[in-house]
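Engineer: Right, I'll just put the structure down here and ask away after.
The values are calculated or read from the model by the stated rules, or taken from the named source; none is laboratory data. All figures in this text were calculated on a predicted structure; none of them were measured in a lab. Please note: Cβ atoms are built from the backbone with ideal geometry, for glycine as well, and neighbour counts cover all protein chains shown.
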Amino acid sequence: MPDASAFAATPTKTSVRTPLAVQGGTPVSATPVPFMVVGLSDADIESAMKVLRSGMLRSAAKCAELEARFAEMSHAKHAMTCANGTCALQLAYEPLFRPGDEVLVPAWSYIATVSMVVARGGIPVFCDADPRTLQIDLADAARRVTGRTTAIAATHLYGCPVDIDATQALARRHGLRVIYDAAQAHLATYKAKGIGAFGDAVTYSFYATKNLATGEGGMVTTNDDALARQIKLLRSHGETDKYLHESVGYNYRMNDITGAIGCSRLDRLSRETDARRAAAARLDGILSRFDGLAPAAITPGASSAYHLYTAVLDLGKVRCTRDQFCDALKAEGVPTAVHYPRPLPDQPALASFATDDYPVARRLAKTVLCLPMHHALTDAHFAIIEAAIAKVLSAYRA
């Protein structure tokens with residue numbers, strides 16, 4: 001689930017108004033606040049170099065170590081590395097539903113959650129977003145269940161777990177399989193448990209911008225022994241022994257260079273996640289002092305990993321579009337990103353599956369924005385963010 005737009009802090013340009021700082025004023029900060037912090041530490045590089053020096057580049061000891069440690073940290077019985085987060089979704093989906101099955105999916109998410117349903121031959125049934133948490137609206141999902149519905153694929157969006165109790169209750173009522181897309185939610189918890197403890201399978205991405213970033217890479221976790229075996233077979237050509245293939249599969253293995261980087265970054269993931277949560281609390285405090293820009297609500301009982309810090313602009317309280325607002329913040333030294341500029345039913349590749357209006361998702365496409373979020377935000381950064389929001393909201397006040 002790559003967040004490519006996170007590399008460029010400027011959202012899609014629709015602005016027709018010159019940003020405030022360019023109108024002859026002095027910007028809040030001439031040095032932009034970093035939107036995110038990416039890159040490898042010396043320890044990460046040395047871990048990769050050890051594998052390179054060993055010559056054992058294929059999936060081996062470091063991938064196995066990453067699997068064992070990640071399973072423990074996410075409270076899952078099994079964890080299986082793979083090539084990327086999209087492969088993780090495909091590996092999870094293939095054993096859990098069949099071509100022609102209807103799968104409940106979020107209308108508001110990254111495309112991989114749904115495109116891999118289509119790749120499996122499933123029929124995605126879009127469900128609107130919850131207007132407070134921005135997660136899949138489970139009441140709307142319940143209304144869309146039919147006799148052909150066999151699964152629900154729910155995203156833990158922006159790093160925040162969906163309402164897992166409600167998801168599992170819906171699944172029990174209708175005999176559905178549950179796959180959680182946790183590409184953005186490493187170390188998120190629900191009711192003090194790691195999110196790997198829930199559902200039939202959970203998928204993760206280690207893309208270059210993720211909280212646990214290895215460049216590319218993914219993981220599937222499950223507590224089901226039989227499903228874990230199926231996924232391991234699918235991941236490596238159905239091979240049970242050298243040149244003995246029980247079933248047809250793929251080559252979706254991770255390599256040990258990637259595994260080594262993952263293990264090194266896992267050493268500090270817990271404290272970096274704690275720092276993100278502290279940063280989110282600071283941003284919550286800042287936004288609480290303003291009217292017109294509010295953070296997405298956190299699911300009750302959940303602890304977000306804050307891959308992104310997402311806020312919603314109240315267009316009734318400002319005289320600008322969301323994109324104009326973002327342009328103005330950027331001019332004041334605060335970059336933003338938009339996740340996402342359109343709901344999935346409006347993507348050309350998926351439009352044929354849209355059967356209804358999705359009012360919340362379509363409204364979010366015009367009102368959401370992401371503020372800087374990472375483990376290295378400083379007091380000075382927060383001061384810039386607060387001053388910039390105050391200045392822009394004041395100038396655009398309706």
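Engineer: Going through the stretch 32-46 one residue at a time, which ones are without any contact (Cβ under 8 Å) to a residue 60 or more places away in the chain and not in a helix (DSSP H, G or I)?
Structural biologist: G39
Engineer: Additional query: Which of (1) surrounded by fewer than 22 Cβ atoms within 10 Å (Cβ to Cβ); (2) touching a strand residue (DSSP E or B) at 6+ places or on another chain (Cβ under 6 Å); (3) under 30 Å from D274 (Cα atoms) is the odd one out, the single condition V360 does not satisfy?
Structural biologist: That leaves (3) as the condition not met.
Engineer: Could you name every one of the strands (runs of 3 or more DSSP E) located completely within the stretch 213-306 that has at least 3 residues being surrounded by fewer than 19 Cβ atoms within 10 Å (Cβ to Cβ)?
Structural biologist: Because the criterion is at least 3 residues that are surrounded by fewer than 19 Cβ atoms within 10 Å (Cβ to Cβ), the strands (runs of 3 or more DSSP E) in the stretch 213-306 that meet it are 239-241.
Engineer: Just for the stretch 161-186: of the residues that are of a type outside the set (D, E) and within 12 Å of the chain's Cα centre (by Cα), which one is farthest from H307 (Cα to Cα)?
Structural biologist: Here the residue is Y180.
Engineer: Also, I was wondering about something else. Out of (1) at pLDDT below 95; (2) not assigned by TED's automatic domain parsing to the domain that holds C63, the odd one out for K242 is which?
Structural biologist: All conditions are met except number (2).
Engineer: Next question, about the same structure. Conditions: (1) surrounded by 16 or more Cβ atoms within 10 Å (Cβ to Cβ); (2) touching a Phe, Trp or Tyr at 6+ places or on another chain (Cβ under 9 Å). T355 meets all but one. Number of the miss?
Structural biologist: (1)
Engineer: Hey, another quick one. Could you tell me which residue of the stretch 319-350 is farthest from T378 (Cα to Cα), considering only residues that are in contact with a Lys or Arg (Cβ under 8 Å, 6 or more places away or on another chain) and β-branched (V, I, T)?
Structural biologist: It comes out as T321.
Engineer: Does V318 satisfy being closer than 12 Å to I389 by Cβ and at pLDDT 95 or above?
Structural biologist: It is true that V318 is closer than 12 Å to I389 by Cβ and at pLDDT 95 or above.
Engineer: Kindly establish whether P124 is within 20 Å of S205 (Cβ to Cβ), in contact with a Cys (Cβ under 9 Å, 6 or more places away or on another chain), outside the structural domain of T355 (by TED's automatic domain parsing) and not hydrophobic (A, V, I, L, M, F, W, C).
Structural biologist: No; evaluated as a whole, the condition is false for this residue.
Engineer: Which count do you get for residues in the stretch 120-160 that are under 15 Å from Y180 (Cβ atoms), within 15 Å of the chain's Cα centre (by Cα) and among the hydrophobic types (A, V, I, L, M, F, W, C)?
Structural biologist: 5
Engineer: Quickly run through the stretch 67-112 and pick out the residues that are out of contact with any strand residue (DSSP E or B) (no Cβ under 6 Å at 6 or more places or on another chain) and of a type outside the set (D, E, K, R).
Structural biologist: If the condition is that a residue be out of contact with any strand residue (DSSP E or B) (no Cβ under 6 Å at 6 or more places or on another chain) and of a type outside the set (D, E, K, R), then A68, M73, A83, T86, Q90, Y93, P95, P99, G100, Y110, I111, A112 are the ones that fit.
Engineer: Determine which member of the set I257, I231 is under 22 Å from L176 (Cα atoms) and among the β-branched types (V, I, T).
Structural biologist: The match here is I231.
Engineer: Mind checking whether some residue in the stretch 329-346 is β-branched (V, I, T) and not in a loop (DSSP other than H, G, I, E, B)?
Structural biologist: No, the conditions are met nowhere in the stretch 329-346.
Engineer: If you don't mind, there's one more thing I want to ask. Tell me the helices (runs of 4 or more DSSP H) entirely within the stretch 70-152 that contain at least 2 residues that are buried (at least 24 other Cβ atoms within 10 Å of the Cβ).
Structural biologist: Those helices (runs of 4 or more DSSP H) span 85-96, 112-119.
Engineer: Do the conditions hold for A21, that is, is it part of a loop (DSSP other than H, G, I, E, B), modelled with pLDDT under 95 and assigned by TED's automatic domain parsing to the domain that holds K391?
Structural biologist: When the stated conditions are applied, A21 does not pass them.
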